[in-house]
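See below for the structure under consideration.
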Amino acid sequence: MIAIRRILCPIDFSDFSRRALDHAFAIARWYRSTVTVLHVFAPVAVPAFGPNSAGFEPIVLTDIDREQLLAHTKKFVATESAPGTATVAVLREGNTAAEILAQAGDMDADLLVIGTHGRSGFERLVLGSVAEKVLRKARCPVLTVPRWLPDAVPSGPLFKRIVCAVDFSDCSMVALKYAVSLAQEADGCLTVLHVMAPELVDPVGVGAEHVSLAALLVQREEQARRLLEKAVPQNARPSCKIESILVHGTAWREILQVAADRRAELIVMGVQGRGAADLLFFGSTANHVVRQAACPVLTLRG
């Protein structure tokens, strides 16, 4: 069983962060967690006029401003919290994503819950939003909550239908452990999914050994099925149903399709640590899934 004792939920007072906060409190009730609600004030540079001005000066909060903003944060929390749930309101100043990550590290968060604004058009192609920056760098599990979810959440377990995508890497095995625990806690249904992308088959040596590409695909599929069978635990509770499926196609498309077919309430997936290039393009599979999923997505690093 996983332990979720400290939950961090950043808010910006929007409906998007309200839905995220609803989920944070629902999880906290189930796991008896403490929810730290964080608002980050990002200083805004404004034109400065005068002979000695530097051109732009940041707006900084006074002590009174901080008291009022913290009071506003507490009032926002009070409208969503449930009796018996421990809450802490925190105000930080600086770069929003950096301060969220710093707070998560300072409190040793077990889970970070954040809302996504679900932008479209050109903004879908250009990374750089707060949620995406947090997803790239957070060391703790991150639950992203899409904007189109209903406001109300159930009082019991949130996630009874879960899809967990695995590629047999260390981080996806960590994700599977979380998915199994969540499904068992909810006496729910877990679908463990592996997507085979034929274009990833290594054709080196095919001509030399007279092995056809089709034969290699069959061999790789058999290997994947064995790994999948080995990965799925056999000792789940009788009331918790676990199935494993293997499909062919583009990973993010198949993950979203399987989640839609099973009316999933949660998608769980591992995110591998990437190099400098990925800081610009944040692993395409996770990026597509988080942006387009109709349900919350839980991402975990190894």
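The values are calculated or read from the model by the stated rules, or taken from the named source; none is laboratory data. Just so we're clear, the structure is a prediction, and the values are computed from it rather than from any experiment. Every residue, glycine as well, gets a Cβ built from its backbone with ideal geometry; the counts of neighbours run over all protein chains shown.
Please state which one of ALA286, ALA259 is at pLDDT 90 or above and within 19 Å of the chain's Cα centre (by Cα).
ALA259
I need the full set of residues from the stretch 69-101 which are in a helix (DSSP H, G or I) and among the hydroxyl-bearing types (Ser, Thr, Tyr), in order please.
Correct list: THR73, THR96.
Against the definition (at pLDDT 90 or above and surrounded by fewer than 18 Cβ atoms within 10 Å (Cβ to Cβ)), how does PHE168 come out, yes or no?
Considered against the rule, which asks whether it is at pLDDT 90 or above and surrounded by fewer than 18 Cβ atoms within 10 Å (Cβ to Cβ), PHE168 comes out as yes.
Evaluate the following for VAL60: is it β-branched (Val, Ile, Thr) and at pLDDT 90 or above?
no
Taking the stretch 27-57 as the search range and keeping residues that are loosely packed, with under 14 Cβ neighbours inside 10 Å and at pLDDT 70 or above, which one is nearest to the chain's Cα centre (by Cα)?
ARG32
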